[in-house]
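Heads up: the structure comes next, in structure tokens.
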Amino acid sequence: MRPETLHRAYALGRHCCLPAAMTAMAVLFPENGFATQMHQGSEGIITHQTGHLLFLFSMIVLIFTVTGKGLVREKGWRLIQVSAFFFALWNIDALAVHFLDNQIYAVKLELISFTDVRVMTNEDSPFLAYVYYFLKLDHILCVPAMFFLYRGLSCLLADEQKASEKEETE
Amino acid sequence: MTLSFIPILLIDVLGSVAMVILALLSLYKARKLRGMDPANAVFLYLMWISTGFTVFAVSRSFGHIVRQFLTLTGNGLAWQSISAYSGSVNTASFMLVGLITLFFNQSWKINEKILSGREKLETAHLKLMDLNQTLEQKVVERTERLTSSEHKCRRIFEQSLDTIIVADSGFKIQEINASGIELTGYNRDAMIMEEMTLGRFFQDPQEWERICAKINEEAYILNEEADFLRSDGKSVFVLITGGVDYGAFGCAKSYHFIIKNVNDKRNMERQIAQADKLAALGELSAGVAHEINNPLGIILGYTQLMLKEQSDFEDDLKIIEKHVKNCKTVVSDLLAFSRKGSLEMQPVEMNKIINDVIGFLSNHADFRNVDIHRTSGSDATFLVYGNEQELGQVVINLMINAAHAVKHSGQIDIETFKTERDQIFINVKDNGTGIRKKDIIKIFDPFFTTKPLGQGTGLGLSVGYGIIKRHGGIITVRNRSSSGAEFSIKLPAYSEENYI
């Protein structure tokens, strides 16, 4: 037999080996089948928190990337870096809030009236209540973050327009 | 612990609205930025991230506002039913933003590669532009030089007083300059259209064959002598120099010829040689004639004295007297030829002289069957300063020679005209047999004659030559293209200013 033919047969055997074995197992040793896995409990909050962690990680990466590439010399990128910093803070804030009320259930918020709200902590800790109360004001972090992103993009656009005008003049 | 809900509510609602507005503004800026340079990968990345933030802000703000509204309006259960969806979209949106953000580094690298590629492309483009410009400049310079060179060559070709001919490998004329057209007398277009060869101009085909063989063998010819035959039948003596161009840059083999018209030069040389020869002969003749003239006078005197007395030798004495008189005539002619004769010069009218001669000769037996045509250039008088008798003698000699040439039955044309340069021409043409080529150069030599022995002394033309020369003129001869010969006398016209 020619070496190429032998090599092709070997590769085919290797690729087909696992499916063939699994088929054989299913046929020879039958059991009850569970089509899809169930999702229940705290799976939702864990997913949400993972998303926040990813968002936080990406913002930290962006901060260091902007510095690493020397982009801080440009005002636009500096502002985007500040925006990333605020988003990172917002993510930490959100992680903390979700951790307290959705994961360990240490804090619970109950609306008493249109103007008042009751913050209930596990051990009636006023510190935790105040911390939670302020952490709930997360827009204080994400609005500036979005504002700095807008300003950063505006600066980059202005720089680009200036450069374009200069090129046209030359 | 009870705390105020107002700050939470206000910051939540207002912050959500602000987030949406700012996200949309950011998206707008990012889109504009990308519009500035669509090929920029970083700008594309910024647009993606702005889109992600907009989705995030809208979904989140929607959730927050709806939640606050439903909670405050006592529809907390309704919020419970939609909170899962809102939260899921919110989670997905900031996960999307996070993922996009992580691609920043890759986007940056891609952009750097694009920029680097663009820069290289621009550098290459600039280099190409530079090379192109240099090339264009060089092409312009070379073209200018070529044009200048072509212009010079063209000027040399067109302005040359010598004939320049370019012929193909079969000696067919491809190019000929103005001098060549003047020399040959043919039309340029006719020469090229009819594919005339250089050989057609040669009077002697064997001469052309010899020159062809030589140029093909040696690749050049230098100052080869030849007689060209013009379109009007006149012969022109030329010097030919030529070479072979074996062809380069895709050109076919060709021959280049420079042809110099030396007809006038040769004629002048011949005339000078003739003049020198005749001058020498004149001197010799003068000496001989002078020495013979006196003894002849004595012989004639004694003979005539003896004839006055009756004697038995009267007939013999008359024969002696006759031949001595003939000798005296020859001697007289020789003296006239050598300027030793008497000379009374005055302004004379050439037309009158010629007309008198014609009148005189028309009654002569030799001219009875000869048709004499007389033409005069204008009615003006053609005065020359000279001796009437001598000039008449020259014309008579020419007329008698012409009558002999036409064998006493033909046509003789006598033409007189005056040029703007105050030269008077007298042309005597006949339609006889013409003069043999070998005889032409000796025609003015004393004692040279083509007539049968005893019919001519061979002094008529040489005496005429001497007379015309003494009058400051020139006498020339040529064979006519049709038939016969043409004698041409050129004399300076008389004007008072010239002879005061």
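Check off (1) modelled with pLDDT under 90; (2) at the interface with chain B (Cβ under 7 Å from one of its Cβ atoms); (3) buried (at least 21 other Cβ atoms within 10 Å of the Cβ) for A:C142 and give me the number that stays unchecked.
The single condition A:C142 does not satisfy is (1).
Looking at B:T134, B:T143, B:T147, B:T163, which one is closer than 29 Å to B:K437 by Cβ, β-branched (V, I, T) and surrounded by 10 or more Cβ atoms within 10 Å (Cβ to Cβ)?
Going through B:T134, B:T143, B:T147, B:T163 in turn, the sole match is B:T163.
So B:S61 ticks every box in (1) within 8 Å of another protein chain (Cβ to nearest Cβ); (2) part of a helix (DSSP H, G or I) but one. Which box is left unticked?
All conditions are met except number (1).
Could you tell me whether any residue of region B:64-81 is more than 11 Å from chain A (Cβ to nearest Cβ), surrounded by fewer than 16 Cβ atoms within 10 Å (Cβ to Cβ) and among the hydroxyl-bearing types (S, T, Y)?
Yes, some residue in region B:64-81 is more than 11 Å from chain A (Cβ to nearest Cβ), surrounded by fewer than 16 Cβ atoms within 10 Å (Cβ to Cβ) and among the hydroxyl-bearing types (S, T, Y).
Given the residues B:S254, B:S231, which is the only one that is modelled with pLDDT of 85 or more and over 16 Å from B:K172 (Cα atoms)?
Only one candidate passes the filter, namely B:S231.
Go through (1) part of a loop (DSSP other than H, G, I, E, B); (2) modelled with pLDDT of 85 or more; (3) not polar (S, T, N, Q) one by one and return the number of the condition B:A380 breaks.
The failed condition is (2).
If only one of B:D316, B:D333 is surrounded by 17 or more Cβ atoms within 10 Å (Cβ to Cβ), over 51 Å from the mean Cα position of the chain (by Cα) and either modelled with pLDDT under 85 or charged (D, E, K, R) (or both), which one is it?
It is B:D333.
Output the number of residues of region A:113-129 satisfying the condition of being in a helix (DSSP H, G or I) and more than 8 Å from chain B (Cβ to nearest Cβ).
2
Scan region A:132-166 for residues that are in a helix (DSSP H, G or I), over 30 Å from A:L71 (Cβ atoms) and without any contact (Cβ under 8 Å) to a residue 12 or more places away in the chain and report the count.
Residues that pass the stated criteria total 1.
It is to be established whether one or more residues within region B:176-185 are farther than 14 Å from B:I259 by Cβ and not in a helix (DSSP H, G or I).
No, region B:176-185 has no match at all.
Mind counting the residues in region A:65-80 that are more than 10 Å from chain B (Cβ to nearest Cβ), free of Cβ contacts under 8 Å to residues at least 40 places away in the same chain and either crowded, with 18+ Cβ neighbours inside 10 Å or not small (G, A, S) (or both)?
Total meeting the criteria: 3.
Just name the residue that is surrounded by the fewest Cβ atoms within 10 Å (Cβ to Cβ) out of those in region B:472-496 that are in a loop (DSSP other than H, G, I, E, B) and among the hydroxyl-bearing types (S, T, Y).
Ranking the candidates gives B:S482 first.
Given the conditions (1) under 23 Å from B:I354 (Cβ atoms); (2) β-branched (V, I, T); (3) in contact (Cβ under 8 Å) with a residue 40 or more places away in the chain, and given that B:T433 satisfies all but one, which numbered condition is not satisfied?
Single failed check for B:T433: (1).
One line per residue, one yes/no per condition, for (1) among the aromatic types (F, W, Y); (2) in contact (Cβ under 8 Å) with a residue 24 or more places away in the chain; (3) more than 30 Å from B:F62 (Cα to Cα):
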| residue | (1), (2), (3) |
| --- | --- |
| B:Y85 | yes, no, no |
| B:T91 | no, no, no |
| B:Q137 | no, no, yes |
| B:V140 | no, no, yes |
| B:E144 | no, no, yes |
| B:S148 | no, no, yes |
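Just need a number here: residues in region B:1-42 that are in a helix (DSSP H, G or I), of a type outside the set (D, E, K, R) and facing chain A (nearest Cβ under 8 Å).
Number satisfying all stated conditions: 16.
The values are calculated or read from the model by the stated rules, or taken from the named source; none is laboratory data. Since the model is a prediction, treat every value here as computed from it, not as a measurement. When we count neighbours, we look across all protein chains shown, and the Cβ atoms used for this are built from the backbone with ideal geometry, even at glycine.
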